[in-house]
Amino acid sequence: MKKTFTVTIKNKDNGKVYQEQVNSDEYILKEFEKKGFKLAFSCRNGCCTSCAVKVISGTLQQPEAMGLSQALKDKGFALLCVAKATSDLEVETTHEDEVYDLQFGQYFGRGYTRVAPPWEFEED
Ligand code: FES
């Protein structure tokens, strides 16, 4: 059964607070966009973490959030592009790449990643 919840989004960068009524069967990002808000996004498919937020209070469901590990979900992170409110909800935006670094940063600087294409290291 469709319900309506109040969702509050605090912008971590500029301190602004946005609040709207959203339908429980719609994605939160889409609901805010319908009302004229411009929130961060990229893939819109739960992969890139551009739309990541930290839940302050309330609950949501995000079964399609494949770009977010269970460990980060357990710490309260969510992806608004594929999240639906299941109660009144208060969230805070994250800094660009914050969640990406939390999830993958431990692997940076290891393995076979090259810092530049090999032809830049060739000598005459
Ligand atoms: S826009 Fe990419 S995960 Fe939400």
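The values are calculated or read from the model by the stated rules, or taken from the named source; none is laboratory data. Nothing here was measured: the structure is a model prediction, and the numbers come from that model. Note that each Cβ is placed from the backbone with ideal geometry, even for glycine, and that neighbours are counted across all protein chains shown. Note: accessible area is taken over every heavy atom of the protein model, side chains too, but ligands, DNA and RNA are not part of it. Shrake-Rupley method; radii C 1.70, N 1.55, O 1.52, S 1.80 Å.
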Probe 1.4 Å, all protein chains in place: accessible area of Ile56 in Å², nearest 10? 90
When the accessible area of the chain is split by element with a 1.4 Å probe, what percent falls to carbon and sulfur? 49
Accessible solvent surface per residue of the chain, calculated while the other protein chains remain in place, 1.4 angstrom probe, Å²: 66
Count neighbours as other Cβ atoms within 10 Å of each site's Cβ, and list the GluC sites (Glu not before Pro) in the stretch 1-48 that are DSSP loop with at most 15 such neighbours. Glu26
7 Å from Cα along Cα→Cβ at both Cys48 and Asn14: what's the point-to-point distance in nm? 2.0
P(r) weight above 24 Å for the chain, C-alpha pairs, percent: 32
How much length is gained on full extension from Phe104 to Lys34, taking 0.36 nm per residue of separation minus their Cα-Cα distance? 22.0 nm
Search the structure for amide H atoms under 5 Å from the amide H of Lys12, placed 1.01 Å from N in the peptide plane, and list their residues when 5 or more places away or on another chain. Thr93
Among the chymotrypsin sites (Phe, Trp or Tyr not before Pro) in the stretch 20-76, which ones are in a DSSP loop with at most 16 other Cβ atoms within 10 Å of the Cβ? Mind listing them? Phe37, Phe41
